[in-house]
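Please treat every number below as a calculation from the coordinates, not as lab data. Source: prediction; values computed, not measured. Methodologically, a virtual Cβ is constructed for each residue, glycine included, from the backbone with ideal geometry; neighbour enumeration extends over all protein chains shown.
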Amino acid sequence: MRRAFAALIVCAALGFPGAARGAAPPADPWPRQFKSGGVTILVYQPQVESWTGNMLTFRSAIGIRKADPKDDVFGVLVAKARTQVDKASRMVLLEDVVVTKRSFPTLPDNGLIYLFSLKTQLGPTQRTIALDRLLASLAASGAAAQPGVPVNNDPPRILVSQTPAFLVSLDGTPALRPIPGTHFQRVINTRAMLLADEGAATFYLRVGDGWLSAGAISGPWEPMPTPPDGLEGAAKSVAETGVVDAPEGPSAAAPAIHVSETPARLIVFAGEPVFAEIPGTTLGRASNTANEVFRDAATSQYFVLLAGRWFRAADLAGPWVFVPSTELPPDFRKIPADAPGADVPASVAGTPQSREALSANGIPQTAAVKRIGGPTFAPKFDGAPQLAPVDGTSLQCVVNSPTPMIQVNPNDFYAVRNGVWFTSPALGGPWVVAATLPAAISAIPPSSPLHFVTYVQIFSATIGFVYEGYTPGYLGSIATPEGVVVHGTGYGYPPWIGSAWYPAPATYASWGGPSPAPKGGLYGSYRDALSAEVRSVFTTESGGIVSTNPRTGKASPYGLVQADNDVYVDKDGQVYSNAGGRWQQHSSAGWSDATADMAWADRESQARAAGEIAFQRFSQSVVGAAPPESPAPSGTPKP
């Protein structure tokens, strides 16, 4: 079916924060259309061959449209480019594009004149593409596999409640420290507002807008209608430091309080568990809990998905054991896309959803960081710096710093903060943006609390910029040998507890860093390092979409594309299209039925349709409209 792309605008292209809901999303029409003399050049959507770090290799079909359609020419470009990824706007900019191969067999100059024309017109906005399109193509290419990390899958403490309940997680045994100017203490190794009087005879827990009290930290906890004098003031002074999570909502009813000094997860049901049958399966999914809890009628077993891992028990009270997703009942692979729990197959190895999750998990969020006038770093220590060995390596690290600081050699230190590496000859500085990283850092094992820093990479550097990025492993999302993405390595790490608490990476959580994930993204303050050329602005004009380069002031119209995005190139450089449900191959004689095995083309076509759906859904979610109908995988016959 022929699809027309809506003329959309975006406030700012790649390099700016993602558009807020209600703003216009980026435009991403394919094929891209350019004029060259009396012909129209169509650049079809890139097909990913590999994507490693920030380097993308791809091939694209190129159509040369002439006045008489019988004279149309098709060829292929193979190229590599450095990628700038902005996951907030879900757009990718291709920089430093280098064409490594071109093939236009029917043209005497092998398409050189058209290549020159494209180079002069390919400004930054024409070199952007939706991240979801590239991810789908990467999955179809089969080149998205990541080496799995051997994580730990020991079950956390799983607590189940059928009444309102609240989990207070402590990072080890309670550590009480005085609150200056008050006669109260705070348990510093938790994000909960957990206070005590001077003798620790009574503990106070903030829940909603009220307080609970207990004679011991383990409870029992009871409502406290009238807090003691000074408690609210002490809580306010603690809240202003930002070291606790702000209480939310009223405390109309006192919940059950569970306090755990070890990794724990809480499952709360609204009354007796209710399981709704999933059509076509023997599974029932719990409908009165926020967790993914299932019961398999065929085996009478319960299954729960926590931090990307599956645990099984014969009774909801436990005991729970880890079960690899490859050993789940087969019906977990059959959950319909429109059924509750449709996101679950992403955590089942071998499903299309899990492959997509693995692809996305390997793509870095990138930044161009200024070497001079860019971010700075000043170390902070709780007392005099203390060095300790990094297990499994020859490295040492500072254990009493909130920022990971690593000693490679006596005069060679590295630190990473908010996804940017810094280096210094001494702990006291001076610290500058690092341009390279020692290989030893990338070998830090998952059993080390510093493993998460291995997911922050430096790709390259120039005199002015360092190009670096982090994959979701930096935030705790880890690809496993099983073929799924889990959250947290599963290892328990010791925190630093002195006069301050520097938490260890969470054992089972989506954030694997040493502190809560920053709001607005790690690279929010570095986006201005991208050039004005990169931050080109999309505008609209009658007749189509126009990209304006602020450096030159020239506008390059996309135009409303009068061609389907259904031309593909195989790895041998042969051009194919789907015409009326059958694949055709292009040659000097025109289009004819394809005789080769076209399974690869079916995968590419399905991936292109999936990428289009994902892009349109993101675009509609930005503007707040309903998502569009799914486009067909392939187009109509050529004119």
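For segment 316-455, the Kirkwood estimate of the hydrodynamic radius, built from every pair of different alpha carbons, is 18.5 Å. Amide H contacts of Val390: Leu395, Gln396, Cys397, each under 5 Å away and 5 or more positions distant or on a separate chain (H built 1.01 Å from N in the peptide plane; Pro and chain starts excluded).
Distance between the pseudo-spin-label points of Val432 and Lys370 (7 Å out from Cα toward the beta carbon): 1.6 nm. Taking the Cα centre of segment 101-206 as reference, the dipole from Cβ charges on Lys and Arg (+1) and Asp and Glu (-1) amounts to some 420 debye.
All distinct Cα pairs of segment 310-365 go into the 1/r average, and the inverse of that average, the Kirkwood radius, is 12.7 Å. The rule of thumb for compact globular proteins, 2.2 N^0.38 Å, goes into the C-alpha radius of gyration of segment 164-234 1.02 times.
Would you please put 54-66, 98-110 in order of how densely packed they are, using the mean number of other Cβ atoms within 10 angstrom per residue and starting with the highest? Please list the in-between numbers first.
Values: 54-66: 20.3, 98-110: 13.8.
Packing proxy ranking, top to bottom: 54-66, 98-110.
Largest first, the extents of the alpha carbon coordinates of segment 583-624 on the three principal axes equal 47, 20, 10 Å.
Find how much the distance from Arg603 to Asp154 grows on full extension, using 0.36 nm per residue of separation minus their present alpha carbon separation; answer in nm with one decimal. Walk me through the numbers on the way to the answer.
Values: separation 449, 0.36 × 449 = 161.64 nm, distance 3.73 nm.
This chain segment gains 157.9 nm when fully extended.
For segment 366-420, relative contact order (Cα pairs under 8 Å, six or more residues apart, normalised by length) works out to 24 percent. Estimated translational diffusion coefficient (Stokes-Einstein, Kirkwood radius over Cα pairs, 25 °C, 0.890 mPa s) of segment 226-330: 144 µm² per second. Counting 0.36 nm for each residue step from His183 to Gln162 and taking away their Cα separation leaves a gain of 3.8 nm. Relative to the current alpha-carbon distance between Val243 and Asp197, full extension at 0.36 nm per residue lengthens the span by 14.6 nm. On the beta carbon distance between Ser442 and Thr100, with R0 = 25 Å, the FRET formula returns roughly 0.35. Computed over every Cα-Cα pair of segment 67-142 and binned at 10 Å starting from 0, the pair-distance distribution P(r) comes out as 15, 39, 32, 13, 1 percent. Relative protection proxy for 227-234, 45-52, from highest mean packing down: 45-52, 227-234 (other beta-carbon atoms within 10 angstrom). Can you list the residues, at least 5 places off or on another chain, whose amide H is less than 5 Å from the amide H of Gly208, using H built in the peptide plane? When sequence neighbours closer than 5 places are left aside, the close amide H contacts are Glu248. Taking the inverse of the mean 1/r over every pair of distinct Cα atoms in segment 94-230 gives a Kirkwood hydrodynamic radius of 22.2 Å.
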